[in-house]
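K.L.:
Sharing a structure, written as structure tokens. Questions coming.
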Amino acid sequence: MVAACQAFLAVSGQGSFTAGAAVARIPQSVASRRVAALEEHLGGRLFERSSRTVRLTPFGRDMLPWARRLADLADAMTQDAARARLRPVRLAVPAVCGTLVLARLVAAGRDEQVHLDLTPAGPVERAELVRALQVGAAIVAAPADGAAWQVPVGLAAVADPGRTAVHVETLRAGRAARNARRRRIWVQPEDDVAHVGDELARLGAAVGLQPSQVVTAPSLVAAVAATLTSDDLLACSRAQAGELGLHWRPVGELDLRRGYDMAAGTRDDATEVGQLLSAEIGRCLGVGDERRRRP
């Protein structure tokens, strides 16, 4: 109906099927078929046709304002749809995600007609933002089992440990070293959650570490600074270690993983972001080439 009305308007405006079809950017045969179909639908002739020109019939003049109104409404709908696609989805993401991978996520979103407005934040703040409906969606921390994205967490240090894994029990001080400085494991705010930070603390206690040897830092910067100036270890993902120039190894006694899920807030379509951009979000989180479930 909309296409037929647009053809009707073009032909009436030009007084010719040939010129009207050119204005509408359709073949003349298509314009003729659409006008004929509209006449059949409305039950009356819209044009008086001659060999050279066409003129509106009285019925056609009566129908012309309605056709123009319908075409205008279709144009307005198309424009509103374009604006709706451009309306950004405000997405809370982990503050540990690097600038380049986040920029690539935004670019990938544009390719999918999803415009992202990213808000980096810690795990507690991200959960609060989505709960308070201050963001359209958030990538929230979740237990690794069953999570949409799973990121291995290991221990990184300035020096290359020269082995395939770091065993936490090797940080236990012997009798001869009771007065020596004990090496620490620094837990960054992103991992100050039950399924990462608490698991490390429990492992440390189980193998005989002092409580002060597993420490939650006030910020990632503080944790990295302490690691760079000592033989301490930073709990982090492999991707983070690479960005920081540290040597990363998995934890020998524990399969430690961050888990992430997509939580929707103010946007009903926000969960589609996780489905459309699953791989790109995984790269931001440090999943790499590991298998991950789609949210």
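K.L.:
Karplus couplings for segment 198-209 from phi (6.51 cos²θ - 1.76 cosθ + 1.60, θ = phi - 60°), rounded to Hz, Gly and Pro as x?
P.N.:
For segment 198-209, the Karplus curve yields 5, 5, 5, 4, 5, 5, x, 5, 5, 9, x, 6 Hz.
K.L.:
Got the relative contact order for the chain handy, in percent, Cα pairs under 8 Å and 6 or more residues apart?
P.N.:
Numbers: 490 pairs, mean separation 61.7, N = 295.
About 21 percent, as a whole number.
K.L.:
Further, regarding this structure: From the P(r) of segment 29-139, could you give the percentage of C-alpha pairs in the tail past 20 Å?
P.N.:
In whole percent, the long-distance tail amounts to 63.
K.L.:
Multiplying the sequence separation of Thr164 and Val221 by 0.36 nm and subtracting their Cα-Cα distance, what value in nm do you get?
P.N.:
Working: separation 57, 0.36 × 57 = 20.52 nm, distance 2.63 nm.
Gain on extension, Thr164 to Val221, equals 17.9 nm.
K.L.:
Also, quick follow-up: Can you compute 3J(HN,Hα) from phi for each residue in segment 145-162, using the Karplus curve 6.51 cos²θ - 1.76 cosθ + 1.60 with θ = phi - 60°, rounded to whole Hz and x for Gly and Pro?
P.N.:
For segment 145-162, the Karplus-derived couplings read 5, x, 6, 5, 10, 10, 10, x, 10, x, 10, 10, 9, 5, 8, 6, x, x Hz, x marking Gly and Pro.
K.L.:
Follow-up question, since we're still on this one. Would you mind giving the average projected area, over all directions, of the Cα convex hull of segment 2-85 in nm² with one decimal? Present the calculation step by step, with values, prior to reporting the outcome.
P.N.:
Numbers: hull surface 22.2 nm².
Averaging across all directions leaves 5.6 nm² for the Cα convex hull.
K.L.:
Which residue, Val114, Trp149, His195, has the largest displacement toward the positive end of the dipole of segment 108-249 when charges sit on each Cβ (Lys, Arg +1; Asp, Glu -1)?
P.N.:
Final value for the positive-end residue is His195.
K.L.:
With only alpha-carbon pairs counted, each pair once and no self-pairs, how large is the Kirkwood hydrodynamic radius of the chain in angstroms? Can you show the working numbers first?
P.N.:
Numbers: mean 1/r = 0.0423 Å⁻¹.
Final number for the Kirkwood radius of the chain is 23.6 Å.
K.L.:
With the cut-off at 20 Å, report for segment 150-257 the share of all Cα pairs above it, as a whole percent. The partial results should precede the final answer.
P.N.:
Working: 1809 of 5778 pairs.
Every Cα pair in segment 150-257 considered, those over 20 Å come to 31 percent.
K.L.:
Identify, among Ala92, Leu56, Thr170, the residue whose Cα sits farthest towards the positive end of the charge dipole of the chain, taking +1 on the Cβ of Lys and Arg and -1 on the Cβ of Asp and Glu, with the dipole about the Cα centre.
P.N.:
Most positive-ward Cα: Leu56.
Laboratory data are not the source of any read-out in this text; all were calculated from the coordinates shown. Since the model is a prediction, treat every value here as computed from it, not as a measurement. With ideal geometry, Cβ positions are generated from the backbone for all residues, glycine too; neighbour counts draw on all protein chains shown.
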